[in-house]
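> Mind looking over this structure? Questions follow.
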Amino acid sequence: MWRIRCILCNCTDREMGNTEGTHAMGLLEGKSALIFGLANDHSIAWGIAQALHREGADVGFSSVEMLIEKRVKPLADRLGSTFVEPCDVQSDEDIARVFSRWAHEKGSLDILIHAVAFANKDELEGEFIRTSRAGFALAHDISAYSLVALAREARPLMGDGGTILTMSYYGAEKAVANYNVMGVAKASLEACVRYLAVDLGPEGIRVNAISAGPLRTLAASGVAGFKKMHRLFNDIAPLRRPLSIDDIGNAAVYLCSDMSRGTTGEIHYVDGGYNIIGVPEAMGD
C-alpha cells in the first residue's frame, strides 16, 4: 500500500493513524523538472526545487556559469541532483546545448521552471523615462524572451504534455516605485505566458506564471528602496505576514501537478492578497 501525504499539512497516512503504509507517494512522483535561475538558498527557484523534490520529482538545474561551482552544485547535492549545467540564456546555441544534454541523460521533460530575470541596477531607481535603449533591450531579452527560447527547446521533450512555469511580480500590472524597466519586462513576460499557452495547449503543455509578493532575494536587492517596501507589505497585505520561498514552492507544486490540469495561461498570485487592495487601510487612517 502507498503511504499518502496530506497536501494540507504535509503529514503522512502513518502520522494520521494508518500504520499499513510503506511508501510516500508525492504529487509529482515519476516526473522530471529542469529549473533555470537558481542563485542561492534564498532564491524562489530554491523554494520551488525543494517543493518539487519533496513531491517526488527528479530535479535538475541550470544557471549562469559563475554561480555553478560555488552556489548551485552544493544545493543540487542536497537534493541528490546530478544534472547541473551552466547556461547563457541570451544564447540560443547554449540553450540548445543544455536541452540536448538533458535529452541524452533523461530522455524527456515534464516540468520547466523559468526563474530568470535581470536588469542593470542603475535602471532600477529613479525615473523610468531615463531607461536606456540598451538597458531596455537587455531586461527584455533576459527576463522575457528567454522564456520563449527555453519553451521552444523544451517542447520536443514534452511529448506526453508538460508544464512550463515562470515567475512574475505585481509591478507588471501596476507601476511600482523603482521597479521601472523590470516591471515593463515582467509585463512582456506575462504576455508571453498567454501566447505560449495558446501555441502549446493543443499539445497538452500548460504555461503559467506565479506573481510572488516581495521576498528578500538576490534579485530583489537590486531594486532601490526594496527594504522599505518589504516592511510596508507586511502591514498592508490581507494576510499580514511575510512570505517565504516555501509559499511559492507549494504553489508551484499545484501548478506543476495534475491538480491544475485545467489551468493554463494564468498569472497566479502568491502575495498574501496584496493585489486585491485598492486603498490600503494604513493610508486611510
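The values are calculated or read from the model by the stated rules, or taken from the named source; none is laboratory data. All figures in this text were calculated on a predicted structure; none of them were measured in a lab. Cβ placement follows ideal geometry from the backbone for every residue including glycine, while neighbour counts extend to all protein chains displayed. SASA here: full protein model, heavy atoms, side chains in, ligands and nucleic acids out. Shrake-Rupley method; radii C 1.70, N 1.55, O 1.52, S 1.80 Å.
> Please specify each residue of the stretch 68-126 satisfying the condition of being polar (S, T, N, Q), modelled with pLDDT under 95 and over 21 Å from the mean Cα position of the chain (by Cα).
Scanning the stretch 68-126 gives no hits.
> Any chance you could count how many residues in the stretch 146-161 are open to solvent by 30 Å² or more (accessible area, probe 1.4 Å) and either touching a Gly at 6+ places or on another chain (Cβ under 8 Å) or within 22 Å of SER91 (Cβ to Cβ) (or both)?
The total comes to 6.
> Here's a follow-up. In the stretch 2-32, which residue that is modelled with pLDDT of 50 or more and assigned to a strand (DSSP E or B) is least open to solvent (accessible area, probe 1.4 Å)?
SER32
> Turning to a different aspect of this structure: Residue by residue through the stretch 162-181, note down the ones that are over 15 Å from HIS114 (Cβ atoms) and either open to solvent by 20 Å² or more (accessible area, probe 1.4 Å) or modelled with pLDDT of 95 or more (or both).
The answer is TYR170, GLU173, LYS174, ALA175, VAL176, ALA177, ASN178, TYR179, ASN180, VAL181.
> I've got another one for you. How many residues does the stretch 245-258 hold that are without any contact (Cβ under 8 Å) to a residue 60 or more places away in the chain and open to solvent by 60 Å² or more (accessible area, probe 1.4 Å)?
So the count comes out to 1.
> Let me ask something else. How many of the residues in the stretch 33-70 are crowded, with 22+ Cβ neighbours inside 10 Å and either at positive phi or among the hydroxyl-bearing types (Ser, Thr, Tyr) (or both)?
4
> Whether any residue in the stretch 137-153 is more than 26 Å from HIS268 (Cβ to Cβ) and without any contact (Cβ under 8 Å) to a residue 12 or more places away in the chain is what I want to check.
Taking every residue of the stretch 137-153 in turn, at least one turns out to be more than 26 Å from HIS268 (Cβ to Cβ) and without any contact (Cβ under 8 Å) to a residue 12 or more places away in the chain.
> Hey, does the stretch 71-93 have a residue that's in a helix (DSSP H, G or I), of a type in the set (Asp, Glu) and surrounded by 14 or more Cβ atoms within 10 Å (Cβ to Cβ)?
Among the residues of the stretch 71-93, not one is in a helix (DSSP H, G or I), of a type in the set (Asp, Glu) and surrounded by 14 or more Cβ atoms within 10 Å (Cβ to Cβ), which makes the answer no.
> When you scan the stretch 259-277, do you find a residue that is at pLDDT below 95, more than 29 Å from ASP58 (Cα to Cα), open to solvent by less than 40 Å² (accessible area, probe 1.4 Å) and over 16 Å from the mean Cα position of the chain (by Cα), even just one?
Yes - at least one qualifying residue is present in the stretch 259-277.
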